[in-house]
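The values are calculated or read from the model by the stated rules, or taken from the named source; none is laboratory data. Predicted, not measured: the structure shown is a model, and the values here were computed from it. Neighbour counts run over all protein chains shown; Cβ positions are idealised from the backbone, glycine included.
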Amino acid sequence: MTPVTQTRPIRLTVNRIPRQLDAAPHHTLLSLLRDDLGLTGTKACCLVGECGACTVSLNGRIVDSCLVLAVEADGAEVTTIEGLSTDGQLTRLQQAFLEQGAVQCGYCSPGQVMAARDLLAQIPHPTVGEIREGMVGNLCRCGCYEQITDAVLAAVEAADR
Amino acid sequence: MNGVVGTSAQRVGGPARVSGAYRYVGDIRLQNVLHAKLVTLDCARARIRSIDTSAAERVPGVRLVMTAADLPQPVPRFGPQFSDRPVLAVAETKYHGEPVAAVAADTEHAAEEAARLVRVDYEELPAVFTIAAALAPGAPLVQDPALRPGDPLAGTNVLREHRFGWGDIDVPPSDLVVEGTYTFPMVTHFAIEPHGFMAAPDGDGVVVWSSIQHPYWLQKTIAEMLRLPLAKVQVLAPDPGGGFGGKQHAKYEPLVTFMALRAGRPVRLILTLEETFQAGRRSSTEIRVRTGFCSDGTIAFREVDANYLLGAYADIADRVVDKGSYFSCGPYRVPAARIVARSVLSHTPPSTAFRGFGTPQVVWAAESNMNEAARLLGIDPLELRLRNLARSGEAFIPGDTPADGEWEQTVRKAAQLIGWDRPMPAGRGRGIAVGIKSGPTTGLSYSTVRLLADGSAIVYAGTSDMGQGARTVFNQIVAEELGIPIDRITMVMGDTSVVPYDQQTSASRSTVLMGNAVLQACREIQAKLRAMAARLHGITDSAIEVGHGTIRLPDRQIPITAVLKRGLGPLGGEVIGNGESRKEAQPGHPLSGSAAFYEFNCTAVEAEVDEGTGEIALVRHVSVSDVGKMINPLQVRGQEEGAAVQGLGHTLMEHYILDESGRIRNLGAIDYRIPTSMDLPLDLRSDVIENADGPGPYGAKGMSEGGLLAVAAAVAAAVTDATGAVIRDLPLTPERVWRALSERPRPATAAGQRLQLAIAASR
């Protein structure tokens, strides 16, 4: 009746740093990042893949890290919010979030930024409709959706300048 | 002014949020911490026969399994209004999700596993989940009458009945009486950060971490329960990741504190989203409104009978009923009023404060009633409001704070922005509604500002910055008054052992009450600088002015930093200013205190309804609030539009669905929908009225709840305007709208008729 937790060694690259860890079969990528690596910038909320707070990039595309098992990330390249700025400087997109007032309580912001970054990688010049559709998986209870859309547009504009 | 107040300074603390560096409660990692998990039953009300913890205790890593028997006896109870809520359920659970035990273990996994292995032998008992069932004769009682000694209502599920009124509603003659009953569902805050709590023994005291809006109230609660001096209870309150009222009062902090003391180690409990649904919600309501009108549209009287469905414990919800229902007559001149509002207990999760504090339910009912009246009177809904709106300075509620704004300007601006006078496009409808909410009725905020030797400053303020941007606002006030660049100011918040007392962060009070305390602290520093400069230059204080970073002598200006350097002398040091801002209680007032200010909002929408599916498409949504003076326009817009989006939640989609055992069937993010980026109006815009007529710094009023108040009534009115269907129940889901359309006797408006014809033609 007591669970015997068999762990398995996995290797992955997180924010350009190679990591080797022992992952339990039930362990999610979210808990690996937060609990084992202390990367708490990735947030936990619904744990069922609906809110987007735990959004990270896995092999170049975003996932809800609460829905990915840690063992599934074996061999993967993971980028979290902590991996975006290279020299302590915010990215253009992060700066645009602040300038447009797209951050209120900030709890969903890391996930929003990761989702917006992925959207711009897919669609470099999105329309308002494409932004709203592309960001639909990231809930913001403060209701900053208009400002988040503005931030994505502003980041595109800044990139074009 | 110096040009800092009134500008859109970027959110202080923003970079840490967009980079993931900010540590919310759940991000803090303590050495040696135990992870806690709650044990709950699969029904609402049950008699607990026995609890067997032996299997749970055998799970490796489990350090503590706590039941009510392990707590001091009688089991301590707490609550902001009534000490009614036990730390763990005693003998009986009263709602689905009420913990009967809790486990603490070395790992989260072990705690979860052990929690599943706690065996509870229980028997489900008859329970009440609706207003009708709770008020029925012979209904099972939610609260033990022994907890309510001397209370004539103790033998019922009515916790309290609130009565307000003035004039005689039976006297004024009226030409038309409009009556309806309007319902509002149970909805929940759904802050994206689930509640998080930690506690640790600390010498002869305790430290408690919580994502709480009222850290000082929590400090008092814990101190009283543990019989500790306040000075031995330190509350650390990192910024909440969204609060909206749901994080005002203690939830599981008492439990984790008792667990930490028993285990002798820090204990951490982070709720799941599902558990936060069970930790707090908004009261559902059934509100009957009966309003008498003269044929010219002036209100003759209003009678309101309101039932608010509370949960099993009161939390702050009875105060919500009190304060919300008191404003049942809205911002109007109403010569006679009779208001009865009941706090009805039920076997459901406790309801509590939620943005609007009981007012959104009242505004939904009262403004829907106004819109129905406009149709029956044949008066334009905009005109009906303008005819009855209280004018600035008018005592619209006898004995209370008179109207503190030019509210007509707000209404006219909203009408102008929505294009009220423009011809209606085919198939669309427009709706308008106003909302008024009282600011705090009492309050006390202290602030300390330290101007350091190099001209930088540290500001202490006990407000919780949960997204409203309080830190930024206070920074801007200090920057304005002392001429310091914002990046040379540090804010200290969220630690009761360091930061002076603040009563609470609620009722949109902080810009006004704490803002005034910060302003006063800055003014004290200015006075000290004046005295310093006078001493240095051998002139009198009165010949010197201080402002905007400079000291003005009769013949020249000197930077504050220069005076500081010379004035402080070789030992250095600092100049300290203290501020205190009070809103006193008023004995005899129906709410024990008048409104510090009012939040006044007008919302107008233009909508289309899909007659085939009942789906509402919001084409335009306009929200205008009277804010007195914007300290930070970017943040004001964020609050106003954020409130509007949140209001669309309870208007269009949100509601708890309970089953026959009182379980929430749509528990969690999959089945309980909140607005996403795809649910926005096609065009959402906000605006403000600024007449600098508020009691806060530079004429500011509190804001951030106003934009939510009138959303539902405005949207429902637009649906009626477009289709002729009158709906008195929320949310306006496609199914409900579709049913209303199919039950509609005939299209009642030209727009509706046009739409019917268009549909017929297209078939």
Taking the options B:17, B:49, B:45, name whichever one is crowded, with 22+ Cβ neighbours inside 10 Å, in contact with a strand residue (DSSP E or B) (Cβ under 8 Å, 6 or more places away or on another chain) and either among the acidic types (Asp, Glu) or over 22 Å from residue B:225 (Cα atoms) (or both). B:45
Take region B:620-659 and flag every residue that is closer than 24 Å to residue B:363 by Cβ, touching a helix residue (DSSP H, G or I) at 6+ places or on another chain (Cβ under 9 Å), surrounded by fewer than 24 Cβ atoms within 10 Å (Cβ to Cβ) and away from every other protein chain (no Cβ under 14 Å). B:656
Determine which member of the set A:139, A:119, A:90 is within 7 Å of another protein chain (Cβ to nearest Cβ) and touching a Gly at 6+ places or on another chain (Cβ under 8 Å). A:139
When you check residue A:101 against the structure, is it in contact with a helix residue (DSSP H, G or I) (Cβ under 9 Å, 6 or more places away or on another chain), part of a loop (DSSP other than H, G, I, E, B), within 7 Å of chain B (Cβ to nearest Cβ) and at positive phi, yes or no? yes
Among the residues listed as B:87, B:120, B:103, the single one being farther than 30 Å from residue B:373 by Cα, of a type outside the set (Phe, Trp, Tyr) and under 26 Å from the mean Cα position of the chain (by Cα): B:87
Would region B:660-667 turn up any residue that is within 11 Å of chain A (Cβ to nearest Cβ) and surrounded by fewer than 20 Cβ atoms within 10 Å (Cβ to Cβ)? no
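Can you go through B:213, B:248, B:219 and tell me which one is of a type in the set (S, T, N, Q), within 14 Å of chain A (Cβ to nearest Cβ) and either out of contact with any Pro (no Cβ under 8 Å at 6 or more places or on another chain) or touching a residue at least 12 places away in the same chain (Cβ under 8 Å) (or both)?
Values: B:248 fails: within 14 Å of chain A (Cβ to nearest Cβ); B:219 fails: within 14 Å of chain A (Cβ to nearest Cβ).
Selected residue: B:213, the only one of B:213, B:248, B:219 that is of a type in the set (S, T, N, Q), within 14 Å of chain A (Cβ to nearest Cβ) and either out of contact with any Pro (no Cβ under 8 Å at 6 or more places or on another chain) or touching a residue at least 12 places away in the same chain (Cβ under 8 Å) (or both).
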By residue number, the members of region A:41-86 that are within 11 Å of chain B (Cβ to nearest Cβ), in contact (Cβ under 8 Å) with a residue 40 or more places away in the chain, among the β-branched types (Val, Ile, Thr) and part of a loop (DSSP other than H, G, I, E, B) are A:42, A:80
With (1) at pLDDT below 95; (2) in contact with a helix residue (DSSP H, G or I) (Cβ under 7 Å, 6 or more places away or on another chain); (3) within 30 Å of residue B:608 (Cα to Cα) as the list, and residue B:483 as the residue in question, which single condition is left unmet? (3)
Are any residues in region A:1-38 of a type outside the set (D, E, K, R), assigned to a loop (DSSP other than H, G, I, E, B), at pLDDT 95 or above and exposed (fewer than 13 other Cβ atoms within 10 Å of the Cβ), and if so, which ones? A:38
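Conditions (1) surrounded by fewer than 19 Cβ atoms within 10 Å (Cβ to Cβ); (2) not in a helix (DSSP H, G or I), marked per residue:
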residue: B:213; (1), (2): no, yes
residue: B:219; (1), (2): no, no
residue: B:225; (1), (2): no, no
residue: B:235; (1), (2): no, yes
residue: B:239; (1), (2): no, yes
residue: B:247; (1), (2): no, yes
residue: B:257; (1), (2): no, no
residue: B:261; (1), (2): yes, no
residue: B:265; (1), (2): no, yes
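Can you name every residue in region A:113-161 that is charged (D, E, K, R) and in a helix (DSSP H, G or I)?
Pass one, region A:113-161, residues charged (D, E, K, R): A:117-118, A:130, A:132-133, A:141, A:146, A:150, A:157, A:160-161.
Of everything in region A:113-161, those that are charged (D, E, K, R) and in a helix (DSSP H, G or I) turn out to be A:117, A:118, A:130, A:132, A:133, A:146, A:150, A:157, A:160.
Return yes when residue B:4 is in the same structural domain as residue B:91 (by TED's automatic domain parsing) and crowded, with 19+ Cβ neighbours inside 10 Å and no when it is not. Working first, answer last.
On the way: in the same structural domain as residue B:91 (by TED's automatic domain parsing): no; crowded, with 19+ Cβ neighbours inside 10 Å: yes.
Against the criterion (in the same structural domain as residue B:91 (by TED's automatic domain parsing) and crowded, with 19+ Cβ neighbours inside 10 Å), residue B:4 does not qualify.
Condition first: modelled with pLDDT under 95 and outside any helix (DSSP H, G or I). Now tell me which residues in region B:704-763 satisfy that.
Restricting attention to region B:704-763, the residues satisfying the condition of being modelled with pLDDT under 95 are B:743-763.
Within region B:704-763, B:744, B:745, B:746, B:747, B:748, B:749, B:763 meet the criteria.
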List pairs: first residue in region B:280-298 and at pLDDT 95 or above, second residue of a type in the set (D, E, K, R) and part of a loop (DSSP other than H, G, I, E, B) anywhere in the structure, Cβ distance under 8 angstrom, at least six positions apart or on different chains. B:280/B:251; B:280/B:315; B:293/B:175; B:294/B:175; B:295/B:175; B:298/B:333
Test of understanding: among B:411, B:449, B:434, which residue is away from chain A (no Cβ under 14 Å), part of a strand (DSSP E or B) and within 24 Å of the chain's Cα centre (by Cα)? B:434
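For residue B:521, are the conditions met, namely being assigned by TED's automatic domain parsing to the domain that holds residue B:489, part of a helix (DSSP H, G or I), under 31 Å from the mean Cα position of the chain (by Cα) and crowded, with 24+ Cβ neighbours inside 10 Å? Break it down stepwise before answering.
Values: assigned by TED's automatic domain parsing to the domain that holds residue B:489: yes; part of a helix (DSSP H, G or I): yes; under 31 Å from the mean Cα position of the chain (by Cα): yes; crowded, with 24+ Cβ neighbours inside 10 Å: yes.
The answer is yes for residue B:521.
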Consider region B:155-210. How many of its residues are away from chain A (no Cβ under 14 Å) and assigned to a loop (DSSP other than H, G, I, E, B)? 16
Tally, over region B:594-610, of residues that are crowded, with 20+ Cβ neighbours inside 10 Å and assigned to a loop (DSSP other than H, G, I, E, B): 4
Quick one: which helices (runs of 4 or more DSSP H) sit completely within region B:312-397 and have at least 2 residues that are within 29 Å of residue B:249 (Cα to Cα)? B:317-326, B:359-377
